[in-house]
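Enquirer: Sending over a structure as structure tokens; questions will come in a sec.
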Amino acid sequence: MPASKRCLMLEEANGQLSIVKQCGLLSLHRSRFYYVACPETADNLAIMRWLDEQYFSTPFYGVLRLCALLRQDGYQVNVKRARRLMKLVGWETLYREPRTTVADKASYKYPYLLKGLAITHRDKVWEVDITYLPMAKGFMYLYAVIDVYTRFIVGWGISNSMDAAWCASITQEAIEAHGKPEIINSDQGSQFTSEAHVGLLKSHEIKISMDGKGRAIDNIYIERFWRSIKYEDIYLKAYENGLALYGGVSKYMHFYNTKRVHQSLGYATPEALYKADLNQ
């Protein structure tokens, strides 16, 4: 039975079996699901949902313009509050050139390796990233690993925090399930410059590639996937809680990998192309 169906058997209100034990019985990796949502006021949750949708239209807007737009839409927000909520939803304003300053001097930033690179087969390049997922009450984070050549989602998980060890565990799970890629590309977030994630990739002898600061387009394939899952599922469903969100995301992942055809793939599905490339 696929994981997308097994996850629907989880019962949050089960008085005899915890979520951890249920995951074990169903052979679901515990790292894929943490169901307690982060608390925020209803007003802040509404602003965060607004920011998340707005990012797809104006990712180049800074905090001052966003504050002006929010006020026009009736939200009473100052710069300090807007910055905090922008950080929670992962807003990174895009600009033409990377900044010359390095925010975190303790973390080594790796060069971007994908410029001009011909990606001609599966598992040559994977991209990883984290995105914010709004719910009716609260929010959570989705981490995903995508194979660039086939657009196949090789690993994913949901959590109420953006913990580096959690991200590394999902990457490890994807490697165990599908084998290692030649390169993994990410942004310069603290999760990906952490010892846990960098150490994992080095231990598997995977080349590390990182986007230029403020250049989300460098990680374009995972960014396109975020847009797809949010507009085709998350925004439409407004899941009530973490368990419902996990079940919905599982269904969408199965649909995206096995049913959703891509024009850029010659109207094939990611799974079909991923399996076909393995047999060549």
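The values are calculated or read from the model by the stated rules, or taken from the named source; none is laboratory data. Because the structure is a prediction, the values reported are computed rather than measured. Please note: Cβ atoms are built from the backbone with ideal geometry, for glycine as well, and neighbour counts cover all protein chains shown.
Enquirer: Based on this model, can you work out whether Tyr143 counts as of a type outside the set (Gly, Ala, Ser) and either crowded, with 21+ Cβ neighbours inside 10 Å or in contact with a helix residue (DSSP H, G or I) (Cβ under 7 Å, 6 or more places away or on another chain) (or both)?
Expert: Judged against the criteria, Tyr143 is a match.
Enquirer: Considering only residues that are hydroxyl-bearing (Ser, Thr, Tyr) and either part of a helix (DSSP H, G or I) or out of contact with any helix residue (DSSP H, G or I) (no Cβ under 9 Å at 6 or more places or on another chain) (or both), which ones fall in region 224-269?
Expert: Within region 224-269, Ser228, Tyr231, Tyr235, Tyr246, Ser250, Tyr252, Tyr256, Thr258, Ser264, Tyr267 meet the criteria.
Enquirer: Next up: Is it true that some residue in region 50-60 is in a loop (DSSP other than H, G, I, E, B), over 19 Å from the mean Cα position of the chain (by Cα), at pLDDT below 90 and of a type outside the set (Phe, Trp, Tyr)?
Expert: No, region 50-60 contains no residue that is in a loop (DSSP other than H, G, I, E, B), over 19 Å from the mean Cα position of the chain (by Cα), at pLDDT below 90 and of a type outside the set (Phe, Trp, Tyr).
Enquirer: Looking only at region 224-235, decide whether some residue is buried (at least 18 other Cβ atoms within 10 Å of the Cβ) and either touching a Lys or Arg at 6+ places or on another chain (Cβ under 7 Å) or free of Cβ contacts under 8 Å to residues at least 40 places away in the same chain (or both).
Expert: Yes.
Enquirer: So the check is Cβ under 7 Å with 6+ separation or different chains; which pairs have a first residue in region 247-266 that's at pLDDT below 95 and a second one that's aliphatic (A, V, I, L, M) and assigned to a helix (DSSP H, G or I)?
Expert: Gly247/Leu8; Ser250/Ala3; Leu265/Leu273
Enquirer: If I ask for residues that are at pLDDT below 90, surrounded by fewer than 12 Cβ atoms within 10 Å (Cβ to Cβ) and within 21 Å of Asn219 (Cβ to Cβ), which ones from region 74-107 would you list?
Expert: Arg96, Glu97, Arg99, Thr100, Thr101, Ala103, Asp104
Enquirer: Test of understanding: among Glu195, Glu271, Glu182, Glu205, which residue is of a type outside the set (Gly, Ala, Ser), surrounded by fewer than 19 Cβ atoms within 10 Å (Cβ to Cβ) and more than 25 Å from His121 (Cβ to Cβ)?
Expert: The unique qualifying residue is Glu195.
Enquirer: Here is a follow-up. Provide a single number: the residues in region 115-145 that are within 25 Å of Glu271 (Cβ to Cβ) and part of a loop (DSSP other than H, G, I, E, B).
Expert: Residues that pass the stated criteria total 8.
Enquirer: Here is a further query. Would it be correct to say that Phe192 is assigned to a loop (DSSP other than H, G, I, E, B), aromatic (Phe, Trp, Tyr) and closer than 16 Å to Ile130 by Cα?
Expert: yes
Enquirer: I'm trying to understand the selection: among the residues of region 240-275, which are within 18 Å of Val145 (Cα to Cα) and acidic (Asp, Glu)?
Expert: Across region 240-275, the qualifying residue is only Glu271.
Enquirer: Just to check your reading of the model, which residue among Ile184, Ile220 is within 26 Å of Thr269 (Cβ to Cβ), at pLDDT 95 or above and not basic (Lys, Arg)?
Expert: Ile184
Enquirer: Next question. Please determine, by comparing only the residues of region 146-161 that are assigned to a loop (DSSP other than H, G, I, E, B) and in contact with a helix residue (DSSP H, G or I) (Cβ under 9 Å, 6 or more places away or on another chain), which one is farthest from Ile183 (Cα to Cα).
Expert: It comes out as Asn160.
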